[in-house]
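Enquirer: Got a structure here, written out as C-alpha cells. Questions coming.
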Amino acid sequence: MDTEHQVIHSRFVQKDYTESNEWRDVCSIAEKLIDYLNSPTTLAKIYSANQPKQSSSEVQKVFLEKATELGFQDESKGLFKDYANHRLRPDYFCKLNESGILIEVERGKTNQNNMDFLDFWKCHICMHAHYLFLCVPQQLKQNSKSNLVSRPYKTTLNHMSAFFEPANYTNVRGLFLIGY
C-alpha cells in the first residue's frame, strides 16, 4: 500500500453562504468525515476497496460507518418523489436544518459515464439538500494488467469548479469534492 496516500479534498461554496451557520455546519461534518477517512485503518480499507474489478459499493461500505454516526441515512428514499424519475436516490443523505447534504461515492464510472455530473444534478434538483459530498478516486486503474491510470479527482475538480462561478450558480450551495 502507498503509505503516502491521504484522502484529499477541495471545497466550493457560493459567495452568499461562505459565512453562514449552515455552511459552518456542513464544514464541520465534512472535516469529521475526512479525519475518519485519513485514519491508517480506514486508508487501508479504502485502498483494498479501490482495486480493479471492485464496485463503488465496496468503497461505500468504508464510508458508511462514519456517515451513519454523523447522521446520514443510507440511500434515503423519497427525496425525489416529486419527479418523474422518483426512483433516484443518493448513496447517503443527512438532514441539516432547512437543507441537507447528499453523499455520493463513485469509483470506475466517475468520468467515463459522467457520474460526477449526474450526482451534481441530483443535488441540484433535490429540494431537501443543497450540499454535496462527492467522493471519487484520486487515481483509478481499470484493470490489473493495464498501466493506464485515470485521475478522476483531477477531472472532476475541473468539471465542478465552473458551477461555483457566480454566473453559473445552481441550487447546490456548496460542494466538498473528496479524493480517496
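Enquirer: Report, ordered by the first and then the second residue, all pairs with beta carbons closer than 8 Å, sequence separation of six or more or different chains, a first member in region 121-141 that is among the hydroxyl-bearing types (Ser, Thr, Tyr) and modelled with pLDDT of 95 or more, and a second member that is open to solvent by 20 Å² or more (accessible area, probe 1.4 Å) and not in a helix (DSSP H, G or I).
Expert: Listed pairs, sorted by first residue: 131/173.
Enquirer: What residue, among those in region 61-91 that are aromatic (Phe, Trp, Tyr) and buried (at least 17 other Cβ atoms within 10 Å of the Cβ), is nearest to residue 146 (Cα to Cα)?
Expert: So, considering only residues that are aromatic (Phe, Trp, Tyr) and buried (at least 17 other Cβ atoms within 10 Å of the Cβ), the one nearest to residue 146 (Cα to Cα) is 63.
Enquirer: Something else now. Kindly indicate whether any position in region 46-60 is within 19 Å of residue 103 (Cα to Cα) and open to solvent by 80 Å² or more (accessible area, probe 1.4 Å).
Expert: Looking for residues that are within 19 Å of residue 103 (Cα to Cα) and open to solvent by 80 Å² or more (accessible area, probe 1.4 Å), one finds none in region 46-60, hence no.
Enquirer: Now, a different point. For region 20-45, which residues satisfy the criterion of being in contact with a helix residue (DSSP H, G or I) (Cβ under 8 Å, 6 or more places away or on another chain) and open to solvent by 60 Å² or more (accessible area, probe 1.4 Å)?
Expert: 32, 45
Enquirer: Does at least one position in region 8-19 carry a residue that is in a helix (DSSP H, G or I), open to solvent by less than 70 Å² (accessible area, probe 1.4 Å) and not hydroxyl-bearing (Ser, Thr, Tyr)?
Expert: No, that holds for no residue.
Enquirer: Of everything in region 152-180, what is small (Gly, Ala, Ser) and over 19 Å from residue 110 (Cα atoms)? Give them in sequence order.
Expert: Listed by number, the residues that qualify are 167, 174.
Enquirer: Within region 103-113, does at least one residue satisfy the condition of being in a strand (DSSP E or B), of a type outside the set (D, E, K, R), open to solvent by less than 50 Å² (accessible area, probe 1.4 Å) and within 27 Å of residue 54 (Cα to Cα)?
Expert: yes
Enquirer: While we're here: Within region 142-180, which residues are part of a helix (DSSP H, G or I) and either at pLDDT below 95 or out of contact with any helix residue (DSSP H, G or I) (no Cβ under 6 Å at 6 or more places or on another chain) (or both)?
Expert: Answer for region 142-180, where residues must be part of a helix (DSSP H, G or I) and either at pLDDT below 95 or out of contact with any helix residue (DSSP H, G or I) (no Cβ under 6 Å at 6 or more places or on another chain) (or both): 152, 153, 154, 155, 157, 158, 160, 161, 163, 164, 166, 167.
Enquirer: From the list 169, 131, 153, 180, which one is aromatic (Phe, Trp, Tyr) and surrounded by fewer than 22 Cβ atoms within 10 Å (Cβ to Cβ)?
Expert: 169
The values are calculated or read from the model by the stated rules, or taken from the named source; none is laboratory data. Model, not experiment: these values are computed from the prediction. Every residue, glycine among them, receives a Cβ derived from its backbone with ideal geometry; neighbour counts consider all protein chains shown. Accessible surface areas use protein heavy atoms only, side chains included; no ligands, DNA or RNA. Shrake-Rupley method; radii C 1.70, N 1.55, O 1.52, S 1.80 Å.
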